[in-house]
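The values are calculated or read from the model by the stated rules, or taken from the named source; none is laboratory data. Just so it is clear, the model here is predicted, and its values are computed rather than measured. Note that each Cβ is placed from the backbone with ideal geometry, even for glycine, and that neighbours are counted across all protein chains shown.
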Amino acid sequence: MTIRTRFAPSPTGYIHVGNVRAALFPWLLTRQQGGSFILRIEDTDRSRFVPGAEDLILDTLEWLGIDWDEGPRKGGSHGPYHQSERLEIYHTWAKKLVEKGLAYADPYTPEEVQGFREEARALKKAFLYRDYRPENPPEWDGTQPLRFKVTSPKRYTWNDPVMGELSAGPEALDDFILIKADGYPTYNFAHIIDDFEMGITHVIRGLEYISSTPKYLSLYEALEITPPTLVCLPHIMAPDGRKKLGKRDGAKSVTDYRTDGILPEAMLNFLASMGWNDGTEQEIFSRQELIDKFSLDRVQRSGARFDEKRLLWMNGQWIRQISLDDLYQRVESYWPQSAAQFDASYKHQVLALVQDRLKTLAELPMMSRFFFEEPDVNWELITSNKQLKKLSEGEIRELLKTVHDKLAELADWNPETIQETLNQLLEITGQKPGVLFSLIRIVTTWAPFSPQLNDTLALFGKDKTLSRIASQL
Ligand code: GLU
């Protein structure tokens, strides 16, 4: 069997890490097994439609390298790939159900349905529309909602490759809406028709769909369609692990992470690790390794915690892992403005020094500005430094004088000779590296972070190094 999987986002707003993981897992499975990955836009909820959201989704997938075989921007033999362009298909299937007596027009107003709901609540009963099913519904003329008729509510049992054997009884089944009064289908109806018409073999989606699965199974039965393999992925939990990740829990849109300079490799790696591991301690996986190693039976059942620190750590690992030339291409738009007047060779050297310290590309200005412009002097960096605040201002200026004069004697200015001089300075001053080197680092960069001291000074050159120290004497 050649597998066909799909990602079926709704263009309702920004694209969240959870949305993308629901694309990644079926994509990995498909690329591993050599099937087709289909992208379908579920745009039938007109009240939640956000213009531009679809492009954002497609751009994000492209950025991550999650490519699709059929769908928008691509075409394919099972289109159209927007649900809003498939209304006739849904209506044809709906009519089949009406003819079989398995769907009927809902004659009630939304207020009346609300009244039934309240009545059920007052009786402390779970609301089931089928308890209020009209005896003689009018003929469906397309202006009323069309409801599915559950003829024989029963227990369903199914096997979810991730969640295991599941079962739900008749109380989970109800006469749900297939086509709304506006003529658009509901998700519940449309996705079943589309998955069938598009030949989908594995439906992989978030856990929020698990409670509706019995409803889907009863509809599959009525439609005489064999259901595909139904897979639910564990929830992504907020950092505290207690609730589902929401917009307020610090999870930015994937677009924001991209702007911050998270590499697509790191984002992919991070998303894959939310709910899946290969059973070893390995944490960094390339795209190809993920494709080779992914398997549904190693997807965990319990919620996966969203941990942004881990994403940053992974990003740092990836920044270190790619070549300097590759990184140079990627940081093009991240340099501080003052870098514009410097040539590529100097910028390459700067980048080589900061490469293994960057956690995001957006940190580049903070990590490199002092290579391109005179930094603003900020003595607070000295007075608030744990090691340095023990020294008086006089002692500090005296130390700097010694450093200045010793470095001034150095004829051959390179990382090795500078390091030797710095070591000699430790002996001469009797200070620890934590004190002396921190001080030199601060007065030459005035930045909270900087690369290794000898390399930094070597790249500044002797004149700049000495003049920055001299300005504080
Ligand atoms: N349109 C649904 C969503 O965005 C898709 C669910 C599914 O994959 O079937 O949540």
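Looking at Gly164 and the list (1) over 24 Å from Arg147 (Cα atoms); (2) within 16 Å of the ligand (Cβ to nearest atom), which single condition is not satisfied? It is condition (2) that Gly164 fails. Can you find a residue in region 240-255 that is more than 25 Å from Ser333 (Cα to Cα), of a type in the set (Asp, Glu) and assigned to a loop (DSSP other than H, G, I, E, B)? Checked against the condition, which is being more than 25 Å from Ser333 (Cα to Cα), of a type in the set (Asp, Glu) and assigned to a loop (DSSP other than H, G, I, E, B), region 240-255 yields at least one hit. Looking at Ala22, Ala105, just one residue is small (Gly, Ala, Ser) and either more than 28 Å from Lys215 (Cβ to Cβ) or within 16 Å of the ligand (Cβ to nearest atom) (or both), and that residue is Ala22. Checking Thr5, Thr12 one by one, the residue that is within 11 Å of the ligand (Cβ to nearest atom) and in a strand (DSSP E or B) is Thr5 and no other. Each residue in region 181-199 was checked for being free of Cβ contacts under 8 Å to residues at least 60 places away in the same chain and more than 19 Å from Leu230 (Cβ to Cβ), and 1 of them qualify.
The criterion of at least 2 residues that are among the charged types (D, E, K, R) and modelled with pLDDT of 95 or more is met, among helices (runs of 4 or more DSSP H) falling completely within region 319-381, by 324-330. Just to be sure, is Ile442 surrounded by 17 or more Cβ atoms within 10 Å (Cβ to Cβ) and farther than 21 Å from Leu351 by Cβ? Answer is yes for this residue. Of the set (1) touching a Gly at 6+ places or on another chain (Cβ under 7 Å); (2) closer than 19 Å to Leu97 by Cβ; (3) modelled with pLDDT of 95 or more, all apply to Arg155 but (2). Scanning region 202-227 for residues that are among the polar types (S, T, N, Q) and within 14 Å of the ligand (Cβ to nearest atom), we see that the one that is surrounded by the fewest Cβ atoms within 10 Å (Cβ to Cβ) is Ser211. A single member of Lys464, Lys406, Lys401 is assigned to a helix (DSSP H, G or I) and either surrounded by 19 or more Cβ atoms within 10 Å (Cβ to Cβ) or touching a residue at least 40 places away in the same chain (Cβ under 8 Å) (or both), and it is Lys401. For Phe148, the conditions (1) farther than 24 Å from Phe7 by Cα; (2) touching a strand residue (DSSP E or B) at 6+ places or on another chain (Cβ under 8 Å); (3) in contact (Cβ under 8 Å) with a residue 60 or more places away in the chain; (4) surrounded by fewer than 20 Cβ atoms within 10 Å (Cβ to Cβ) are fulfilled apart from (4). Every condition in (1) buried (at least 21 other Cβ atoms within 10 Å of the Cβ); (2) within 10 Å of the ligand (Cβ to nearest atom) is met by Glu42 except one, and the failing one is (1).
For the structure I just gave you, tell me whether Arg357 is among the charged types (D, E, K, R), touching a residue at least 12 places away in the same chain (Cβ under 8 Å) and surrounded by 14 or more Cβ atoms within 10 Å (Cβ to Cβ). Lay out the reasoning, then the answer.
Working: among the charged types (D, E, K, R): yes; touching a residue at least 12 places away in the same chain (Cβ under 8 Å): yes; surrounded by 14 or more Cβ atoms within 10 Å (Cβ to Cβ): yes.
Yes: the conditions hold for Arg357.
Does Leu245 count as over 20 Å from Leu29 (Cβ atoms), modelled with pLDDT under 95 and buried (at least 17 other Cβ atoms within 10 Å of the Cβ)? The answer is yes for Leu245.
Return the residue satisfying two criteria in turn: it lies in region 1-31 and is of a type in the set (A, V, I, L, M, F, W, C), farther than 23 Å from Ser84 by Cβ and modelled with pLDDT of 95 or more, and of such residues it is surrounded by the most Cβ atoms within 10 Å (Cβ to Cβ). Spell out the reasoning first.
Our first condition is that a residue be of a type in the set (A, V, I, L, M, F, W, C); within region 1-31, this holds for 1, 3, 7-8, 15, 17, 20, 22-25, 27-29.
Right, trim to farther than 23 Å from Ser84 by Cβ and you get 1, 3, 17, 24-25, 27-29.
Among the residues that remain, those that are also modelled with pLDDT of 95 or more are: 3, 24-25, 27-29.
Details: Ile3: 19, Leu24: 25, Phe25: 25, Trp27: 27, Leu28: 25, Leu29: 21.
Here the residue is Trp27.
For Glu111, the conditions (1) in a helix (DSSP H, G or I); (2) within 17 Å of Ala222 (Cβ to Cβ) are fulfilled apart from (2).
Scanning region 111-130 turns up no residue that is in contact (Cβ under 8 Å) with a residue 40 or more places away in the chain, within 29 Å of Glu197 (Cα to Cα) and of a type in the set (A, V, I, L, M). Taken as a whole, region 70-92 holds at least one residue that is closer than 20 Å to Ile204 by Cβ, among the acidic types (Asp, Glu) and either within 20 Å of the chain's Cα centre (by Cα) or surrounded by 15 or more Cβ atoms within 10 Å (Cβ to Cβ) (or both). Looking across region 167-199, just one residue is at positive phi and more than 16 Å from the ligand (Cβ to nearest atom), and that is Gly183.
Would you kindly identify the helices (runs of 4 or more DSSP H) lying entirely within region 17-102 that contain at least 2 residues that are closer than 30 Å to Glu289 by Cα and either free of Cβ contacts under 8 Å to residues at least 60 places away in the same chain or not polar (S, T, N, Q) (or both)? Walk me through how you get there before you give the answer.
Values: elements: 17-33, 53-64, 87-99.
Filter on region 17-102 gives 17-33, 53-64.
Looking for whichever is surrounded by fewer than 20 Cβ atoms within 10 Å (Cβ to Cβ) and under 30 Å from Ser152 (Cβ atoms) here; the options are Gly34, Gly52, Gly101. Which one fits? Reasoning before the result, please.
Numbers: Gly34 fails: under 30 Å from Ser152 (Cβ atoms); Gly52 fails: under 30 Å from Ser152 (Cβ atoms).
Just one listed residue meets the conditions, Gly101.
May I ask you to say which residue of Gln349, Gln341 is over 30 Å from Ala238 (Cβ atoms), loosely packed, with under 15 Cβ neighbours inside 10 Å and not acidic (Asp, Glu)? Give the steps one after another, and end with the answer.
Numbers: Gln349 fails: loosely packed, with under 15 Cβ neighbours inside 10 Å.
Only one candidate passes the filter, namely Gln341.
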